[in-house]
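Participant: Supplied in structure tokens, the structure appears directly below.
The values are calculated or read from the model by the stated rules, or taken from the named source; none is laboratory data. Because the structure is predicted, anything quoted here is derived from the model rather than measured. Neighbour counts are summed over all protein chains in view; Cβ atoms, including those assigned to glycine, are modelled from backbone coordinates with ideal geometry. Heavy atoms of the whole protein, side chains included, go into the accessibility calculation; ligands, DNA and RNA do not. Shrake-Rupley method; radii C 1.70, N 1.55, O 1.52, S 1.80 Å.
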Amino acid sequence: MKNHTRSPYRDPHRWIVFAVICLVYFFAYFHRVSTSVIASDLLKAFDTNATALGFMSSMYFYLYAFEQPLVGYLSDRLGPRRVIGYWCMAAAAGSFLFGLAPNIGWASVGRALIGLGVGGVYVPAVKAFSLWFSKKEFSTMIGLLMAMGNFGAVIATTPLAWAAASWGWRPTFFLIGGITLGLAFVTLLLTRDYARPSETVQVNDAIASGGNPGSRTKAVKVLTSGQFWIIATIFFGIYGTLITLQGLWATPFLMAALGIEHIFASKLNMLIPVGVIIGAPVVGWLIDRFSLNKGNTLILILSVYTFTWVGIIFLFSQLGAGGLSLVLLVMGIATGGFISTLWGIVRETTPLEILGLTSGMLNSAPFLGVAVFQVLTGAMLDRAGRVGDLYPLSGFKNAFLACLFGIVICLLLSFYLRKPKRPETS
């Protein structure tokens with residue numbers, strides 16, 4: 001029977017939805033890596049150590065990770081618009097609290113509330129893009145979303161360092177909180193969800209009939225599959241190590257390794273998100289344009305990512321500032337491609353009516369990875385001892401070797417995704 005419902009792929013409102021979500025995600029990512037640049041300020045303001053700072057920073061990721069299944073479920077039930085709008089309000093409150101924090105404990109609470117709030121952005125975005133854009137456009141749109149988010153990470157490096165030095169880190173976070181609150185109202189007032197008819201879902205996405213009563217059973221089958229846990233483990237290891245480096249230790253490591261000042265080190269750190277800005281949309285477009293095998297593409301990307309860590313750990317003195325700049329840029333490009341590719345695998349192997357829940361369950365993994373690797377590396381650095389305001393290179397090497405071990409495991413697991421399969425859901 002022919003369906004006369006207007007296709008969402010021709011509705012111009014999809015571009016408003018896309019633009020608003022990208023703007024919100026920009027600030028979500030800003031929060032994600034901001035503590036790296038102001039790490040020295042926080043250590044001084046709260047008179048604390050690397051373990052406590054790592055714990056404070058990781059609170060964002062613990063709350064973010066544990067709420068993802070709920071966020072995914074609500075994205076399916078309430079729609080992406082409401083989830084993003086309401087959760088942004090929580091992020092704004094957390095930003096205000098972080099700026100007011102009198103000690104590391106209250107800063108941790110503020111950081112946790114920020115994580116809770118921005119945790120309601122990415123999974124609803126995946127759900128919204130799956131409804132408003134076709135499968136052939138999906139990897140490209142995810143890549144563009146990641147590019148916009150990482151532009152936020154760029155702003156969270158050198159410009160944030162400048163703002164913190166000029167105005168102080170507390171007023172800077174008050175300003176960020178006000179902008180985040182404004183975006184919450186923009187999302188609720190200017191965007192809408194696309195209510196796709198069930199028959200359109202079945203035709204376009206080849207989903208077996210059964211409706212909502214069978215969704216729980218289908219989700220259980222997906223979440224208990226070996227493929228699901230392989231993808232989750234890869235997310236855990238790759239994203240966990242990247243954000244641990246970019247979001248917490250890259251700037252102090254570069255200062256210690258190259259003997260450079262804080263601002264210059266933050267500029268080099270900025271090359272990672274610049275690389276993601278390049279890699280995510282370009283790789284996503286190449287996959288969609290040439291119908292590349294996502295499993296083989298993933299193996300290639302993770303191989304490159306592994307070698308960038310080898311360069312940082314073992315060759316930093318030979319590479320110098322110029323060589324490390326190239327390594328960090330390539331690391332970012334590989335990571336951007338990794339995200340576009342792996343989420344493309346998730347999209348093509350997951351039935352649409354449970355994509356929100358499945359994405360939410362998967363999206364816990366990378367942020368648990370960040371939380372675990374940040375605390376682990378912080379403890380290893382404290383064990384090495386601090387020399388003045390910096391940690392010794394021996395401490396960074398041991399901490400980064402733990403990251404490399406996890407990355408190699410992820411690379412080996414990626415070979416199991418060379419031919420990803422769509423789970424049986426009927």
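Participant: Full-extension gain between Phe307 and Ala402, please, as 0.36 nm times their residue separation minus the C-alpha to C-alpha distance.
Facilitator: 32.7 nm
Participant: So, taking all protein chains as they sit and a 1.4 Å probe, how much accessible area belongs to Arg81, in Å² rounded to tens?
Facilitator: Accessible surface of Arg81 is approximately 70 Å².
Participant: With springs only between Cα atoms under 10 Å, which of Met331, Met361, Met255 fluctuates most in a Gaussian network model of the chain?
Facilitator: The residue that fluctuates most here is Met255.
Participant: Rounded, prolate or oblate, given the Cα gyration tensor of the range 121-186, with a/c below 1.5 counting as rounded?
Facilitator: It comes out oblate by the Cα gyration axes.
Participant: If one computes the Cα centroid of the range 49-108 and of the range 377-407, what distance in Å separates the two points?
Facilitator: What the calculation gives is 27 Å, centre to centre.
Participant: If the elastic network links every pair of Cα atoms under 10 Å, which of Ala164, Ala91, Ala112 fluctuates the most in the Gaussian network model of the chain?
Facilitator: Ala164
Participant: Taking 7 Å along the Cα-to-C-beta vector as the label spot, tell me the Trp285-Trp15 distance in nanometres, rounded to one decimal.
Facilitator: So the two model labels end up 1.6 nm from each other.
Participant: If I build a Gaussian network model for the chain, linking alpha-carbon pairs within less than 10 angstrom, which residue out of Leu390, Leu401, Leu411 has the largest mean-square fluctuation?
Facilitator: Leu390
Participant: Continuing with the same structure: Can you compute the charge dipole magnitude of the chain about its Cα centre, using +1 on each Lys and Arg Cβ and -1 on each Asp and Glu Cβ, nothing else charged? Give it in debye, rounded to the nearest 20.
Facilitator: Here the chain has a charge dipole of around 940 debye.
Participant: OK, next. So if I take the centroid of the Cα atoms in the range 308-361 and the same for the range 125-170, what is the distance between those two points in Å?
Facilitator: 15
Participant: Also, I was wondering about something else. Which sequence of His31, His262, His13 reflects their accessible areas, 1.4 Å probe, from the largest down?
Facilitator: Result, largest first: His262, His13, His31.
Participant: Something else about it: Can you give the relative contact order of the range 298-426 as a percent, counting alpha carbon pairs under 8 Å and 6+ residues apart?
Facilitator: Here the relative contact order equals 34 percent.
Participant: Give me the 1.4 Å probe accessible area per residue for the range 122-188, excluding ligands and nucleic acids, in Å².
Facilitator: For the range 122-188, the per-residue accessible area is 31 Å².
Participant: Another question, then. Could you report the accessible area of Phe367 in Å², rounded to 10, computed with a 1.4 Å probe on the protein chains as they sit in the structure?
Facilitator: For Phe367, solvent-accessible area is about 10 Å².
Participant: What longest region of the chain stays clear of GluC sites (Glu not before Pro) that DSSP places outside H, G, I, E and B and that have at most 15 other Cβ atoms within 10 Å?
Facilitator: 1-260
Participant: Give me the distance in nm between label points sitting 7 Å out from Cα along the Cα-to-Cβ direction at Leu190 and Ala165, one decimal.
Facilitator: 3.3
Participant: Now for a different question. Pulled fully out, how much extra length does the chain show between Lys221 and Leu78, if you take 0.36 nm times their separation in residues and subtract their Cα-Cα distance?
Facilitator: Contour length minus Cα-Cα distance gives 49.2 nm.
Participant: Keeping all protein chains in place and using 1.4 angstrom, which order do Asp389, Asp382, Asp288 fall into by accessible surface area, from largest down?
Facilitator: Solvent-accessible surface, decreasing: Asp389, Asp382, Asp288.
Participant: With a cut-off of 8 Å between alpha carbons and a minimum separation of six or more residues, what is the relative contact order of the chain in percent?
Facilitator: Once normalised by length, the contact order is 27 percent.
Participant: Counting only protein heavy atoms and using a 1.4 Å probe, what share of the accessible area of the range 286-398 belongs to carbon plus sulfur, as a whole percent?
Facilitator: 66
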